[in-house]
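The values are calculated or read from the model by the stated rules, or taken from the named source; none is laboratory data. Computed from a prediction, not measured in an experiment: that's the story for all the values here. Note: accessible area is taken over every heavy atom of the protein model, side chains too, but ligands, DNA and RNA are not part of it. Shrake-Rupley method; radii C 1.70, N 1.55, O 1.52, S 1.80 Å.
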Amino acid sequence: MSAPVIAPVILASKSAARRALLEGAGVPIDIAVAGVDEDAVKAGLLAEGATPRDVADALAEIKALKVSNLKPGFVVGADQTLEFRGRLYDKAPTIEEARARLKLLRGEPHKLHSAVVVARDGQALWREVATATLTMREFSDAFLEDYLATEGPEALASVGCYRLEGPGAQLFAKVQGDYFTILGLPLLGLLDFLRNNGVLAA
C-alpha cells in the first residue's frame, strides 16, 4: 500500500476491537482516549428522550470533538449501543449479569447501533450510524454455562456479551447487517472518507 500523505488518524477510543479493525485495514492510527463520562452522557440523553441510535451517534461525536479540540488531524470517535425492545442496554459489569442478559436475549432479535464521527479542528466533518439486527437461537442453559466459562471476562467487553468473531457466533440463528457494524465500527464508509481526504491511497 502507498504510504499515507498526512499524519496518522487519531482514534479517540480504547477499544481493542476498533483498533484492530483499523490497523488490519491498513489505516495508520494513533490512540488518544477521550475520557468521556459515558454513563452521565447516556443518562442525560435518555432523560431527554433520545433513542439508543441517537445515543450512539452523540457519544461518537462527543469523543471525536473532545480529542479534536486538543490534537490536530483527523480524529475518529465511535460508539455502539444495544437496543432490545426499545430499551438501551449497557455492558454487563459481571458474569452474573452477562448470564442474565444472554437469557433475556435468547431466542429474540436485538439491534446494534454503531456510530462513527470524524472531526478535525473541533468540527465534525463526517458521520455514519449503521444498524444490524441479530437474532439469538434458543440455546440451552448448559451451552450458556460452557460459553461463559470459555469467554470469561471477554463476555463483559461488548454490550451484547459476545464476540461474533469468536465463540459468540454460536449464539446466533440469524444475523442481518454489516459485519464491521456488528464489531462496533462502520468501516467501509470510514475508509471511503479517508481515501477521499488523502489519508489512504485511492
Point to revise | Options [x] 17.3, 53; [y] 16.5, 53; [z] 17.2, 59 - which one matches Rg and Dmax of the Cα atoms in Å as calculated here | key: [x]
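Report the gain in length on full extension from Arg195 to Thr133: 0.36 nm times residue separation, minus Cα-Cα distance, nm rounded to one decimal. Kindly include the intermediate steps, with their values, before the conclusion.
Details: separation 62, 0.36 × 62 = 22.32 nm, distance 2.86 nm.
So the extension gain works out to 19.5 nm.
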Check your understanding: With every protein chain kept in the model, how would you rank Asp57, Asp37 by accessible area, 1.4 Å probe, largest at the top?
Key -> Asp37, Asp57
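Considering Cα pairs under 8 angstrom that are at least six residues apart, work out the relative contact order of the stretch 10-152 and quote it in whole percent.
It rounds to 23 percent for the stretch 10-152.
When the helices in the chain are scored as -39500 (n - 2.57) per DSSP H run of 4 or longer and the sum is shared across all residues, what 222 nm value do you end up with, to the nearest 500 deg cm²/dmol? Could the numbers behind the result be given before it?
Numbers: 7 runs with 73 residues, N = 202.
Taken over the chain, the calculation gives -11000 deg cm²/dmol.
My understanding is that a pair violates if its Cα-Cα distance is over 19 Å; which of Lys63/Lys111; Lys111/Lys174; Lys14/Lys103 do that in this structure?
Pairs exceeding the cut-off: Lys63/Lys111; Lys14/Lys103.
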Point to revise | Solvent-accessible surface (1.4 angstrom probe) belonging to Lys66, in square angstrom, nearest 10 | key: 90 Å²
Exercise for review: Taking only protein heavy atoms into account and a 1.4 Å probe, give the accessible area per residue of the stretch 45-124 in Å².
Suggested key: 45 Å²
Review point. How many angstrom lie between the C-alpha centres of the stretch 108-133 and the stretch 154-202?
Key: 11 Å
Practice item. Pull out the extension gain between Leu144 and Arg87, defined as 0.36 nm times the separation in residues minus the alpha carbon to alpha carbon distance; nm, one decimal. Key: 18.2 nm
